Structure formats: structure tokens, C-alpha cells
Amino acid sequence: MKNVVNYVKFEFPSCSSNESFSRTAVACFAAQLDPTLEEINDIKTAVSEAVTNCIVHAYPDRIGRISIRARLLSGGNLEVVIRDWGVGIEDIEKARTPLFSTGNEERSGMGFTIMESFMDSLRVRSVPGRGTTVTLKKKISRRSGGRS
Ligand SMILES: Nc1ncnc2c1ncn2[C@@H]1O[C@H](COP(=O)(O)OP(=O)(O)OP(=O)(O)O)[C@@H](O)[C@H]1O
Ligand SMILES: [Mg+2]
């Protein structure tokens, strides 16, 4: 199943300007799957939520390291792994609950819920004080009638 057809890895500091860069970079990588505009937008939205979480929650008062690995697996499966080495999450189940947030009033607590609904699967692994790894997966369906 884990037949890796192609991959890309990149790393960047948690400055807010890298949020739009990283979602666009993943979208560019995913373009080789010939996704629909809707699929591209779903991927961008999910990556944007995950990276924003690293920027605002993982490194609340400093600039830290964020890495992204995107893999194209056989069968048109896209996997995106967003990792940070920040504060980590104490209770992952609680963090994933819709509307739960430890952030300020600007945060609505919907990031994980959005990632879950825009992608096929979401896995969150975290060690408090060590960091968090978010794995997003989405199958990109081959469009009938070939590429246009
Ligand atoms: N990378 C991370 N490092 C540390 N804590 C995180 C990380 N990602 C999420 N969290 C924790 O999980 C909570 C829920 O995240 P989620 O993205 O669902 O909501 P939010 O970021 O608080 O609000 P929103 O995404 O709607 O602006 C956060 O408030 C934070 O406590
Ligand atoms: Mg969030």
C-alpha cells in the first residue's frame, strides 16, 4: 500500500508569511495528480489549518521549525505530514473536539474539524514538550475522460 511514487520534503520557520507559501507548495506538488479545483482547495485549506496551528499554538512566543513531507502513494493517494517541535498537546481527543480551543478570541476551535472534513483522514500524534505530527490523507480520484 505504501508504494511511494513521488515525495517532497521542506522545512521553514514559523513566520506567518510561510502559511500561504506552504499551502501553495503542497498544492503545486499535488497538481501532478490532476486534482479538481475543489480537491486542490480542500488540500490548501487543510494544510493551512495545520500550519497555522504550528505558528500560533506550537510556538506561541517564538519562531520555531516546521517541516512538511508530502508523498504521492500508489492509487492516487496523497499524504501530507506537518510536524513541529513545539509545546505539544496534552489531550489530543479534547483538542480535536469541535469548538475546543486554548487560543484567544480570534480562534474558533475548528481547525482539526476542518482538516478532518476536507481530507479523507487525519491522524494527530503529540508529545507534550516535544512537538506534534499531523498526518493528512486524501485520495484524488482519476477523472473520467482523461485530462483536460
Ligand atoms: N501544533 C500544535 N501544537 C500545540 N497545540 C496544538 C497544535 N495544534 C492544535 N493544538 C491545540 O489544539 C487546539 C485545537 O486546535 P484547532 O485547530 O482545532 O482550533 P484552534 O486553532 O484553537 O482554532 P481555529 O483553528 O479554529 O482558529 C488548539 O487550541 C491548541 O490547544
Ligand atoms: Mg487551528
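The value of relative contact order for region 4-139, using C-alpha pairs under 8 Å at least six residues apart, is 27 percent. Loop-located GluC sites (Glu not before Pro) across region 44-148 with a Cβ neighbour count of 12 or fewer within 10 Å are Glu90, Glu105, Glu106, with loop assigned by DSSP. To put it simply, the accessible area of region 23-97 at a 1.4 Å probe is 48 percent carbon and sulfur. Taking every alpha-carbon pair in region 9-75 and binning the separations at 10 Å intervals from zero gives 21, 50, 23, 5, 0 percent.
Note on the chain: helix-only mean residue ellipticity at 222 nm, from DSSP H runs of 4+ residues weighted -39500 (n - 2.57) and normalised by residue number, equals -9000 deg cm²/dmol.
Taking all C-alpha pairs of region 1-114, those more than 21 Å from each other amount to 40 percent.
The values are calculated or read from the model by the stated rules, or taken from the named source; none is laboratory data. This is a predicted model, so every value here is computed, not measured. Every residue, glycine as well, gets a Cβ built from its backbone with ideal geometry; the counts of neighbours run over all protein chains shown. Protein only, heavy atoms only, side chains kept; ligands, DNA and RNA dropped before computing areas. Shrake-Rupley method; radii C 1.70, N 1.55, O 1.52, S 1.80 Å.
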